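Below is one structure, written out as structure tokens; comments come after it.
Laboratory data are not the source of any read-out in this text; all were calculated from the coordinates shown. All figures in this text were calculated on a predicted structure; none of them were measured in a lab. In this analysis, Cβ positions are derived from the backbone assuming ideal geometry, glycine residues included, and neighbour counts consider all displayed protein chains.
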Amino acid sequence: MSEQSHDPGPGTEADTPSAAAEHREPEDPFRAGHLARARSAASRAAALLRHVEASGAGETGPEGSARAEILFKANHAARTAAQAIAVLLESRPHPAADSRCARNAAAAASQAAQMGQLHDDGGEAATAASRAAVKAAQAAGAAAVAGAVGENETLNAEADAAEKAAVAAAEAAGWIRPGEQIQPVATGTRSADVMAMMHF
């Protein structure tokens, strides 16, 4: 007598939403914070790029090749920040990896802010915004270090506060309007090697 299969068929308990929920991996409590910080940084970078693009050559700031270089680097920084978000969203939740993506986005936004400082001829507000962006990148980096692995609540909170301060400084510099959330720029062509470095 042949053995009967005991595998559950369609519509059995194993296929019900409740059963699936039991086997679902627990949500990562840190992902939302790292993602929000990364998106904020990418928004700052995109806003800075818009700020540079909006001023035509000869209107304000550097001219000629100097302006072209600032525009190129600001565009590169905005794309790098957007790529960091893409890597984060395409991967499974992992506090250490997610925090590194947030760190990379903040670092890119810091580079964009430096271009903003050059574009605005080193004005007081632009200089303050650039410094705040550097502090945000440093705080994000501290939250992502090996010892913290993205799970240190104190370092994460400090990174969140530094990001908010960077946003406020960017608003004061006129790079972004208060309360405005600009979508990240298109990621462009993405190298697999670059994407791997973004995540690790």
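Quick notes on this one:
- Local net charge near A159, Cβ-Cβ under 13 Å (Lys/Arg +1, Asp/Glu -1): -1
- Charge tally in the Cβ shell below 13 Å around A132, where Lys, Arg are +1 and Asp, Glu are -1, A132 excluded: +1
- Taking label points 7 Å from Cα along the Cα-to-Cβ direction, A146 and A32 give a separation of 3.2 nm.
- Cα centre as origin, Lys/Arg/Asp/Glu Cβ charges: the range 26-181 dipole, Debye: 220
- Extension gain, E153 to E53, is 32.2 nm, computed as 0.36 nm per intervening residue step minus the present C-alpha separation.
- Highest average first, the peptides 73-84, 131-142, 38-49 ordered by how many other beta carbon atoms sit within 10 Å of their residues are 38-49, 73-84, 131-142.
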